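Data block below; observations after.
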């Protein structure tokens, strides 16, 4: 694997010399398909799209595919491998090297999603990364690589856009459409106004028919004859407690400054 | 998905029994007793049988008691003691009829009716004083006209949706003191109510939340005695108004005397005791069930009545005149009636609503709330 990763690094450096590939700040291709999952035209299209996103949001969005990250290498963890690729190739945008990378290793169907840089870490929270995973994993399950990578880019762009507007997607800050929020505001304000006006209206209508005669019960006029309280049976309901996931929100970061997730696709 | 199971209790100490896979028996962790499944099932089958037998015996007892009661009750209200014999007092009584609403008013010789207190018609026609029952009781007016006028003015204050011109156009000085005829009903209600009640406890392990619900068969049966349930005997007096100005303090209830009438009008009854009795029946039934429910509700988390049975033993009916200050006023071709309890001062009446003011107030609350909410949400 060390040889393959080294090859990958060489390819990336070679790509730097190719005048066709006009990459942004990091000088390296956004899409590196060593596993040859994508036809050339689709790879180019994804490359251009990633470049547009990177330039618009000053955050690199990278896709890397390899046949087997463990082959001839010391890596036992795909996330670690991805982090090394990110660091050693100087990936990322700007001085903070903001970037997100999706790496696929085809032999065991491993993937790693890593995030680096202050802005990228704020945009791709733990909850946002979970949303991002859900966007592409369904496609990879059916070997639909192009669709999966396009979904990865689209969802990344969406999360970057939210972060840029000051409302990064996180637990407790669920996104909702503007119309939905307006509807909630209108409903709540009408409800409060309705309650207040209802109380004031109630003061205008005081003639109400009586339905009881409690005030006319004779003194010591209640004689209870039968009082039966009989236990019949008990029932029990058992409900599983679902483990809570990052209910406090935010982005968890390791000692190398990366946040991320990995797994099987 | 939550699962539901039925627990058996230990026959020795009533703690929950747990199934031990090793021994295949049901064991109590508290007292150490252990039973086979078949022993427990047989025990519970026996318990259920005796519970059913007890329930059947209780039902039979209840039916027997009900049969005894049935012989006594469901008779009509007892109006045998009502009388139309005014004696010498009748000579001094005058009667008036309102040609607009049909009100029949009586008063003493010294009092004159100048307008109808119900519809405000200024022309009332003298009529024949005859056929009127002599009241058994009267509660004299405790509050005078000045107090009634002040109370009505105060009633208008602070009513945001009241049209501005209503209070100014109101002929508030035309407020009149009227003795309104009431039937006062004595009786007993025998109520038998069965409930399904529950109590629950919550527990928690590291993996599960456990809700244990104990189910109970609850029965309450008893007698509730009522005294002088008032039902107004005048068709022209809206029941809602008369119910709303209750209660009257019966400590002031006096045997009827002409001495209380001067200066006030009295309405003649035009709803019979039997007709009014239907309302008294309903109020007595509802209160009897409420008493039975009140005896159970505090002990359980949920208490749902599954069977209600009320038998009424109808007693005597008395005829009384109770004091009410009344004002009938017209606004935009609609009649508005205000009634004040002439003894306690409780005032009721439905006011006209200015819908323009309503919507302005609604907007004046909704818009600032929406503006503040948008600062936080958007």
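The values are calculated or read from the model by the stated rules, or taken from the named source; none is laboratory data. Source: prediction; values computed, not measured. Neighbour counts are summed over all protein chains in view; Cβ atoms, including those assigned to glycine, are modelled from backbone coordinates with ideal geometry.
Is at least one residue of region B:299-312 crowded, with 19+ Cβ neighbours inside 10 Å, within 22 Å of residue B:80 (Cβ to Cβ) and free of Cβ contacts under 8 Å to residues at least 60 places away in the same chain? No; the residues of region B:299-312 include none that is crowded, with 19+ Cβ neighbours inside 10 Å, within 22 Å of residue B:80 (Cβ to Cβ) and free of Cβ contacts under 8 Å to residues at least 60 places away in the same chain. If you check A:84, A:67, A:118, A:71 for being surrounded by fewer than 16 Cβ atoms within 10 Å (Cβ to Cβ) and at pLDDT below 90, only one passes: A:71. With respect to the conditions (1) more than 9 Å from chain A (Cβ to nearest Cβ); (2) under 27 Å from the mean Cα position of the chain (by Cα), residue B:199 falls short on a single one, namely (2). So for region B:277-287 (the condition being touching a helix residue (DSSP H, G or I) at 6+ places or on another chain (Cβ under 7 Å) and over 17 Å from residue B:231 (Cα atoms)), does at least one residue qualify? No, region B:277-287 contains no residue that is touching a helix residue (DSSP H, G or I) at 6+ places or on another chain (Cβ under 7 Å) and over 17 Å from residue B:231 (Cα atoms). Exactly one residue out of B:160, B:224 is touching a residue at least 60 places away in the same chain (Cβ under 8 Å), outside any helix (DSSP H, G or I), more than 30 Å from residue B:362 (Cβ to Cβ) and at the interface with another protein chain (Cβ under 7 Å from one of its Cβ atoms): that is B:224.
Could you check region A:238-255 and list, in sequence order, the residues that are surrounded by 10 or more Cβ atoms within 10 Å (Cβ to Cβ) and at pLDDT below 80?
The answer is A:246, A:249.
Looking only at residues in region B:353-378 that are farther than 16 Å from residue A:199 by Cβ and facing chain A (nearest Cβ under 8 Å), which one is modelled with the lowest pLDDT? Going through the qualifying residues, I end up with B:378.
On the given criteria, is residue B:292 touching a strand residue (DSSP E or B) at 6+ places or on another chain (Cβ under 7 Å), more than 11 Å from chain A (Cβ to nearest Cβ) and crowded, with 18+ Cβ neighbours inside 10 Å? Against the criterion (touching a strand residue (DSSP E or B) at 6+ places or on another chain (Cβ under 7 Å), more than 11 Å from chain A (Cβ to nearest Cβ) and crowded, with 18+ Cβ neighbours inside 10 Å), residue B:292 does not qualify.
Condition check ((1) modelled with pLDDT of 90 or more; (2) surrounded by 18 or more Cβ atoms within 10 Å (Cβ to Cβ); (3) in contact with a strand residue (DSSP E or B) (Cβ under 9 Å, 6 or more places away or on another chain)) across all residues:
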residue	(1), (2), (3)
A:28	no, yes, yes
A:41	yes, no, no
A:79	yes, yes, yes
A:112	yes, yes, yes
A:132	yes, yes, yes
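Do we find a residue being free of Cβ contacts under 8 Å to residues at least 12 places away in the same chain, more than 8 Å from chain A (Cβ to nearest Cβ), under 25 Å from residue B:100 (Cα atoms) and surrounded by fewer than 16 Cβ atoms within 10 Å (Cβ to Cβ) anywhere in region B:329-347? Yes: region B:329-347 contains one or more residues that are free of Cβ contacts under 8 Å to residues at least 12 places away in the same chain, more than 8 Å from chain A (Cβ to nearest Cβ), under 25 Å from residue B:100 (Cα atoms) and surrounded by fewer than 16 Cβ atoms within 10 Å (Cβ to Cβ). Selection of region B:239-263 for residues being part of a loop (DSSP other than H, G, I, E, B) and over 22 Å from the mean Cα position of the chain (by Cα) yields B:256, B:257, B:261, B:262, B:263.
Restricting the search to region B:164-193, which residues are at pLDDT 90 or above and farther than 30 Å from residue B:260 by Cα? If the condition is that a residue be at pLDDT 90 or above and farther than 30 Å from residue B:260 by Cα, then B:188, B:189, B:190, B:191, B:192, B:193 are the ones that fit.
How many residues does region B:227-237 contain that are surrounded by fewer than 19 Cβ atoms within 10 Å (Cβ to Cβ), touching a helix residue (DSSP H, G or I) at 6+ places or on another chain (Cβ under 9 Å) and either more than 7 Å from chain A (Cβ to nearest Cβ) or under 16 Å from residue B:101 (Cβ atoms) (or both)? Total satisfying the criteria: 0.
Among the listed residues A:47, A:55, which satisfies the condition of being surrounded by 15 or more Cβ atoms within 10 Å (Cβ to Cβ) and modelled with pLDDT of 90 or more?
A:47
Looking across region A:191-210, the residues that are under 54 Å from the mean Cα position of the chain (by Cα) and in a loop (DSSP other than H, G, I, E, B) come down to A:203, A:204.
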